[in-house]
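I have placed the structure first, in the form of structure tokens, so that the comments after it can refer back to it.
The values are calculated or read from the model by the stated rules, or taken from the named source; none is laboratory data. Predicted model only: the values in this text are computed from it and were never measured. Positions of Cβ are backbone-derived with ideal geometry, glycine not excepted, and every protein chain shown enters the neighbour counts.
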Amino acid sequence: MARMTDHLGRPIVVVTGIGVVTSLGVGKTDNWAALTAGKSGIHPITRFPTDHLNTRISGTVDFLASSDRGASALTYELAETTAHEAIAEAGLDVANFGGPLFLASPPVELDWSERFSLYASGSEDIGPERLLAIARGLNSLDVFQTSQFGSIADRLSDSLGATGLPITLSTACASGATAIQLGVEAIRRGECDRALSIGADGSVTAEALIRFSLLSALSTQNDMPERASKPFSKDRDGFVIAEGAGALVLESLESAVGRGANVLGVLRGCGEKADDFHRTRSKPDGSPAIATVRAALQDAGMSEGEIEYVNAHGTSTPENDKMEHLSLSTVFGERIRDIPVSSNKSMIGHTLSAAGAVEAAFSLMTMREGVVPPTINYDNPDPAIDLDVVPNVKRSADISSVISNSFGFGGQNACLVLTREPV
Amino acid sequence: MNPQDVVITGIGLVSCLGEGIDAHWEKLTAGRPAPVLDENRFAPYTVHPLPEIDWGLQIAKRGDQRQMETWQRLGTYAAGLALDDAAIKPDLDLCATMDMVVAAGGGERDETVDAAILAQSLTRDDLGVLLNEQLTTELRPTLFLAQLSNLLAGNISIVHKVTGSSRTFMGEEGAGVAAIETAAARIRCGQSTHVLVGGAFQTEHHDMLLGYELAGYLHRGPWKPVWQRQGSEGGGVVTGSGAAFLVLESRQHAEQRGRTAYARLGTVASGRSRRNRDDLGAEISKLLAKAGAENGGMLAISGASGAHKATAAERAALEGVSGLEPRAFGSLTGHLKEAQFPFAVALAALAAFKKQAYPAFDQQAEQAFAGSTDAVLATTVGYHQFEGMALVHATD
């Protein structure tokens, strides 16, 4: 009989279901076809006017029923859509999942469309006092729910039949990876046989875009949207804001084998380390990112020599890509030149709270399909970043182990180690 | 005694009653504890305002203070109090290996900018363009981060150097419950040795009140204690600004560094009753049993918000257990949202540590309690969703 516990005697955690939505489409099949074809999902923004904006491109998901119904509704639909794909693939009941839910989602605020319509429906008072006076008379929970941080997970728990108190979390751009880590830890503690980890983000609004713009974080290469996200290139000038979701059904190997489920990959290790340097800049020596990757390897019981592919955070900001190269070359030494390191964000943009989950999903598919998705738009390599970024064209490769990096504003860093086989 | 028991070795509190455990203990055990109220600023709503705080005592650099709106500053401040109290703050190695789970809200928007946009919205048809015009020119670039949910934890890392890990949970009171439950579970199974956990809420902002009032949850009219708001105008919740952070450690870790714990954190039970279908009272009773309070005979530090349905259900469930004497601290501090459960656990730990019960916080609706505080219950039933409880034990 196969071993059911890892090097520390903990239950081995495997993936039995994967779901994904990005600007490239709904579901694994469409996404994988586009991703390996080097196709970009980045396009001009049509959801809201772009007058006065420096950035007029994004990777929004415009093809769902909720795409024009505000951040809360779209985030919910993204999460539920990927959850259904993942749970169905795992051979479980999409209305009765029977395990806890960990949801990475963007912080919610009342949408401007709601503010405008509430304000216009009154005539007394001005400013926020009027909104409060009107709120008192509202006879519906719909608007209220969009202002509650716990609402999306609460409704998802109902719809999917998740158990217990759902956890909604944010670790900025590392959120999706943290959701997976929480699921892994719960299974390792023996609290459950399976868990559902989702990262979902449908929060591209004018205000969200303006906020990131004011931090000079976004690419302004509006003229050729599909060319704007260019991780590791010399002329990279910021990330492209995007939407999407990724969902994983995590399960103890014992449970998966016991019910005859198809094992899609292994969540072998998770690492994290916070940065105390600055709110948007990482410590110049890269030590938190380095510690994050090393912690993940240690948790997985693996050495850096055993990693065959890096699914990079690769945001296409000048700062991140430089720091990520520094940390990878520190951890892997000279060997980093021989390891393929590609950035899914070159095609799908930065899906923020969802990124860690979406990219974990793609990391698993990379191993399963034996194909490494490329880093597109790599025409002017940054000479200071000496990496094999799998430039522009996919590559066939037998990959059995991956690390997936996520580094967030606010200093929250997470790294996942995924492997193909449980051993 | 189990070396992986979870003990509470540091507490940081801020509320309208003051800051720190001594100020709170003194005010809460005064013969007739009294709330601090501001009935005018947000009329018709009453709020429990922040006390005067010298931010520099915990956030030394003014530059750091400027990078945070009040909510983040409040949480960072209270986290510093807890770290100081546990004697962790001066030890950079302990900080660097310390895990952190913050229960966060966020969204302290610029009310002046918003009000100007709303005013102009009545005379414009191109609302999208109006937004772009105004937000690109009027928003302070750093405001985004200064009010962003995960940046409370980010600032705690920057200011106090807690960097073992940093996780932010969201979801009103449930976030506070899950934060403590997760932190305790990680310690019990060896995934963590010491964790900073807590939350903050700064209610003195219209958007923070709006978050309740969109479903009519706020109490209006003259102030009343939590248990006496049924049937009054409005929804029953009176909010407060405040924060509670705890240092949780494994018993072994605390003993090895020679620290005396306030209390041991026993079972933490959480739930998500489907309130449109399930009987909330029955679900709360189940949680009481799960937490180990089904035999009563103890003090129950209740996080009841005053929200009519949830508060009535909690009261009935507590009354269903003989000798379970409630103390709804919300009558004195107001509802602290994400910080409500950490605050409840902190007050329970203090009663266990001091071997003394709190007097009634509400002379009419609460009874004196003469029993032991060797075990004290902490409850939080969300005003709209999510429930949690914990049993806190004296250490000896």
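General remarks:
- The residues on offer are A:ALA289, A:ALA295, and the sole one that is in contact (Cβ under 8 Å) with a residue 40 or more places away in the chain and out of contact with any helix residue (DSSP H, G or I) (no Cβ under 8 Å at 6 or more places or on another chain) is A:ALA295.
- Restricting the range B:154-163 to residues that are touching a Ser or Thr at 6+ places or on another chain (Cβ under 7 Å) and more than 7 Å from chain A (Cβ to nearest Cβ) leaves a set whose member that is nearest to A:ALA172 (Cα to Cα) is B:ASN155.
- Selection of the range B:154-177 for residues being within 26 Å of A:ALA300 (Cα to Cα) and either buried (at least 24 other Cβ atoms within 10 Å of the Cβ) or touching a Phe, Trp or Tyr at 6+ places or on another chain (Cβ under 9 Å) (or both) yields B:SER157, B:VAL162, B:THR163, B:SER165, B:SER166, B:ARG167, B:THR168, B:PHE169.
- All positions within the range A:41-83 that are touching a Pro at 6+ places or on another chain (Cβ under 6 Å), crowded, with 20+ Cβ neighbours inside 10 Å and not hydrophobic (A, V, I, L, M, F, W, C): none
- Counting only helices (runs of 4 or more DSSP H) that fall entirely inside the range B:163-278 and contain at least 1 residues that are closer than 15 Å to B:PHE341 by Cβ, the qualifying elements are B:172-188.
- Yes/no for A:ILE180 being among the hydrophobic types (A, V, I, L, M, F, W, C), within 21 Å of B:HIS219 (Cα to Cα) and either within 17 Å of the chain's Cα centre (by Cα) or modelled with pLDDT of 95 or more (or both): no
- Filter pass, B:ALA78 being at negative phi and in the same structural domain as B:ALA23 (by TED's automatic domain parsing): yes
Table: residues versus (1) in the same structural domain as B:VAL14 (by TED's automatic domain parsing); (2) within 18 Å of the chain's Cα centre (by Cα); (3) farther than 18 Å from B:PHE386 by Cα.
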| site | (1), (2), (3) |
| --- | --- |
| B:THR142 | no, no, yes |
| B:ALA153 | yes, yes, yes |
| B:LYS161 | yes, no, yes |
| B:SER165 | yes, no, yes |
| B:GLU173 | yes, yes, no |
| B:VAL177 | yes, yes, no |
| B:HIS194 | yes, no, yes |
| B:GLY199 | yes, yes, no |
| B:MET208 | yes, yes, yes |
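Residues checked against (1) in contact with a Leu (Cβ under 7 Å, 6 or more places away or on another chain); (2) farther than 30 Å from B:ILE11 by Cβ; (3) facing chain A (nearest Cβ under 8 Å):
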site: B:ALA86; (1), (2), (3): no, no, no
site: B:PRO90; (1), (2), (3): no, no, no
site: B:VAL102; (1), (2), (3): yes, no, no
site: B:ARG109; (1), (2), (3): no, yes, yes
site: B:LEU122; (1), (2), (3): no, yes, yes
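- Any helices (runs of 4 or more DSSP H) falling wholly within the range B:26-106 and containing at least 3 residues that are of a type in the set (A, V, I, L, M, F, W, C) and within 25 Å of B:VAL7 (Cα to Cα): B:70-85, B:92-96
- Hits in the range A:90-131 - residues which are exposed (fewer than 15 other Cβ atoms within 10 Å of the Cβ), at the interface with chain B (Cβ under 10 Å from one of its Cβ atoms) and in contact with a Ser or Thr (Cβ under 9 Å, 6 or more places away or on another chain): A:ALA120
- Residue match in the range B:178-194 (condition: under 18 Å from B:THR379 (Cβ atoms), within 14 Å of chain A (Cβ to nearest Cβ) and of a type in the set (Asp, Glu)): yes
- Single residue of B:ILE117, B:ILE180 found to be surrounded by fewer than 24 Cβ atoms within 10 Å (Cβ to Cβ) and β-branched (Val, Ile, Thr): B:ILE117
- Residues that are assigned to a loop (DSSP other than H, G, I, E, B) and closer than 22 Å to A:ASP142 by Cβ, drawn from the range A:77-122: A:SER105, A:PRO106, A:PRO107, A:VAL108, A:GLU109, A:LEU110, A:ASP111, A:SER121, A:GLY122
- Whichever residue in the range A:268-295 is among the hydroxyl-bearing types (Ser, Thr, Tyr) and surrounded by fewer than 22 Cβ atoms within 10 Å (Cβ to Cβ) and, among such residues, is nearest to A:SER203 (Cα to Cα): A:THR280
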